[in-house]
Every structure is written in C-alpha cells, then in structure tokens.
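Accompanying notes for the structure given below.
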C-alpha cells in the first residue's frame, strides 16, 4: 500500500467514527421537557366603583429523560 492509500483509509475511518459518535450522542442525550401554563381569570363587578378581579396562574413542568 502506498502512503496515499493509507492516508485515505485513515481519514475515512476517522469520519465514520466521528459520525457514529455523533449519532450515539444524539440518541443517548434525547430528552423531553414540557411546560404548560394555565391561567384562569374570574371577574366580578359590583355596583359603584368597586371592581374585583381574581387571577390564578398554574405552571406545570415535566422533565422526561432516559435513565
């Protein structure tokens, strides 16, 4: 084998190993983060100048990851 052939084989092997490493990292680090925000608002108007507004806010977070 010539030096040029050895170099081509070495570069090809390096590229294949790098691609496999990237693929395995992408599959291994796969996770899912979900955030859901729920806002409820209730208004009650009384006679005169009084105005009552009740607002509640709920934030739920779910983190799913492979372990």
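A short reminder: the numbers here are calculations on the coordinates, not readings from a lab. Just so we're clear, the structure is a prediction, and the values are computed from it rather than from any experiment. Glycine also receives a Cβ, built like all others from the backbone with ideal geometry; neighbour counts cover every protein chain displayed.
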**Prompt:** Separation between the residue 16 and residue 55 pseudo-spin-labels, each 7 Å from Cα along Cα→Cβ, expressed in nm?
**Reply:** 6.1 nm
**Request:** Can you pull the one-decimal nm distance between simple spin-label points at residue 35 and residue 1, each 7 Å off the Cα toward Cβ?
**Result:** 5.2 nm
